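Beneath this line is the structure, given in structure tokens, with notes to follow.
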Amino acid sequence: MLNSREKGKRGEDRAVEFLKSKGYSIVERNFYSKFGEIDIIAEREGVYHFVEVKSGTSFEPIYNINHSKLNKIVKTMRFYLQKFKIESPYQIDAIIIKDEVQF
């Protein structure tokens, strides 16, 4: 049985493959700051995508993206943009993986 960290990594790996299949370049994974973490930072057609990945089997994963989590994502995203002096368009995305088979 996988622990929650392993389950999260498996979900993120699936999200990365999905993004790559849609033409996104993966810029960074698991970017940490004092404000929080962003699971995946991707780029496509000059737009940066800050992606939160949620997966689960026995609940609706989308409900884990609450006001507090979104606030942390926004602060971390702003920190990233400022740190790397990025002036490109950007957006926040979520990839929800439901009913992930767990071994």
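The values are calculated or read from the model by the stated rules, or taken from the named source; none is laboratory data. Given the structure is predicted, the values throughout are model-derived calculations rather than measurements. Note that each Cβ is placed from the backbone with ideal geometry, even for glycine, and that neighbours are counted across all protein chains shown. SASA here: full protein model, heavy atoms, side chains in, ligands and nucleic acids out. Shrake-Rupley method; radii C 1.70, N 1.55, O 1.52, S 1.80 Å.
What are the residue pairs meeting all of these: first residue in the range 92-103, first residue at pLDDT 75 or above, second residue surrounded by 12 or more Cβ atoms within 10 Å (Cβ to Cβ) and among the aromatic types (Phe, Trp, Tyr), Cβ atoms under 6 Å, and 6 or more apart or on different chains? The qualifying pairs are 92/50.
Let's see how each residue does on (1) surrounded by fewer than 12 Cβ atoms within 10 Å (Cβ to Cβ); (2) part of a helix (DSSP H, G or I); (3) not hydrophobic (A, V, I, L, M, F, W, C):
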site: 19; (1), (2), (3): no, yes, no
site: 43; (1), (2), (3): no, no, yes
site: 72; (1), (2), (3): no, yes, yes
site: 88; (1), (2), (3): yes, no, yes
site: 93; (1), (2), (3): no, no, yes
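Within the range 29-40, the set of residues being open to solvent by 60 Å² or more (accessible area, probe 1.4 Å) and closer than 17 Å to residue 94 by Cβ comprises just one member, 29. Checking each residue in the range 45-62 for being open to solvent by 50 Å² or more (accessible area, probe 1.4 Å) and either more than 12 Å from residue 96 (Cα to Cα) or touching an Asp or Glu at 6+ places or on another chain (Cβ under 7 Å) (or both) picks out 45, 57, 58. Which of the residues belonging to the range 52-92 are charged (D, E, K, R) and in contact with a helix residue (DSSP H, G or I) (Cβ under 9 Å, 6 or more places away or on another chain)? Correct list: 52, 54, 87.
Among the residues in the range 2-10, are any aliphatic (A, V, I, L, M), at pLDDT 90 or above and outside any helix (DSSP H, G or I)? Checked the range 2-10: no residue is aliphatic (A, V, I, L, M), at pLDDT 90 or above and outside any helix (DSSP H, G or I). Only one entry in 26, 65 is open to solvent by 40 Å² or more (accessible area, probe 1.4 Å), of a type in the set (Val, Ile, Thr) and touching a Leu at 6+ places or on another chain (Cβ under 8 Å), namely 26.
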